[in-house]
Each structure stands twice: as C-alpha cells, then as structure tokens.
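The values are calculated or read from the model by the stated rules, or taken from the named source; none is laboratory data. The model shown is predicted, which means the values in this text are computed figures rather than measured ones. All accessible areas refer to the heavy atoms of the entire protein, side chains included, with ligands and DNA or RNA removed. Shrake-Rupley method; radii C 1.70, N 1.55, O 1.52, S 1.80 Å.
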Amino acid sequence: MASLNVGNLGEYLREQRRQAQLSLRQLADAAGVSNPYLSQIERGLRKPSADILQQLAKALRISAETLYVQAGILDERDRDEVETRAVILADPSINERQKQVLLQIYESFRKENALEGTFVPDTASGPDDEMPPKTN
C-alpha cells in the first residue's frame, strides 16, 4: 500500500469540487463532513479515512476508487480490478451464481498472467486475425 499523498488529494478534490460547481460548504453538507474539516483536506492538512473519501466521491458523483488512488490507498492496477468486479456485480442481466463464476474465472486469469508475467494487450485478437503459416 502506498503512503497517503494528501497534498495531491486536496488539489484533486478542490478541482473536482470546482468542476461540479459546488462551494466548499455545499460539498461539506452533501458529504456529511464539517466545512473546516473539508477545507483542511483540500489544503493537505488532514488525511481522510476511506469512509470520508467514499462520502466525498458520492457527493461529487465520481468513483470512490478514483479518490483512493489519489490518496495513495489504492494503486492504479488495483483500481482497475475493483472497477471490473463492480461492473460484473452490478450487471442485472446475469444472476448471482453466474456473477460468482465469472469473478472466479476473471481472478484465475489474473493469477495466471501474474505468474507468467504475461503482458495482456488492450485489444484481443481472435483466431481469424492470425496470419496463416507461411508455405514455400
């Protein structure tokens, strides 16, 4: 786990608050924290808990994982895994058993690739995309 980088977190929160066109007081009220406490977080003087970050993320309508990464609680690779799991669990078109099986398969692929040190490209190619063997 990385150490908390509250300075960058504060700057990031301030920018997100401004983009959401919220005053410090409005965000504090929406997140259920005090105005002075939020001000201290934004100035890098306080280290908020994961629960507070989650409340702030909800009030800003951004993912909590994004704030966890900014705070150094979660690294970028972990965030991708958490978001993938969340998408699978939130999918209403598959039942709970199917979700659990899919998560198990996903985890087995991640472990296999980690053991092999395999680089997984962003785009997958299927068997039709392979070049036929060269004949002489």
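Going by the alpha-carbon gyration tensor, a ≥ b ≥ c the square roots of its eigenvalues, is region 55-94 rounded (a/c under 1.5) or, if a/c is not under 1.5, prolate (a/b greater than b/c) versus oblate?
oblate
Expected output is a single nm value to one decimal: the length gained when fully extending between Val82 and Ser39, i.e. 0.36 nm times separation in residues minus the C-alpha distance. What is it?
Extra length available between Val82 and Ser39 comes to 12.6 nm.
Order the following by accessible area, largest value first: Lys111, Lys99. Probe radius 1.4 Å; ligands, DNA and RNA are ignored.
Lys111, Lys99
Search the structure for amide H atoms under 5 Å from the amide H of Arg46, placed 1.01 Å from N in the peptide plane, and list their residues when 5 or more places away or on another chain.
Ile41
Give me the extension gain from Gln26 to Asn95: residue separation times 0.36 nm, minus the current Cα-Cα distance, reported in nm with one decimal.
20.9 nm
Take the alpha carbon gyration tensor of region 27-86, find the square roots of its eigenvalues, order them as a ≥ b ≥ c, and report rounded if a/c is under 1.5; if not, report prolate when a/b exceeds b/c, else oblate.
The shape class here is oblate.
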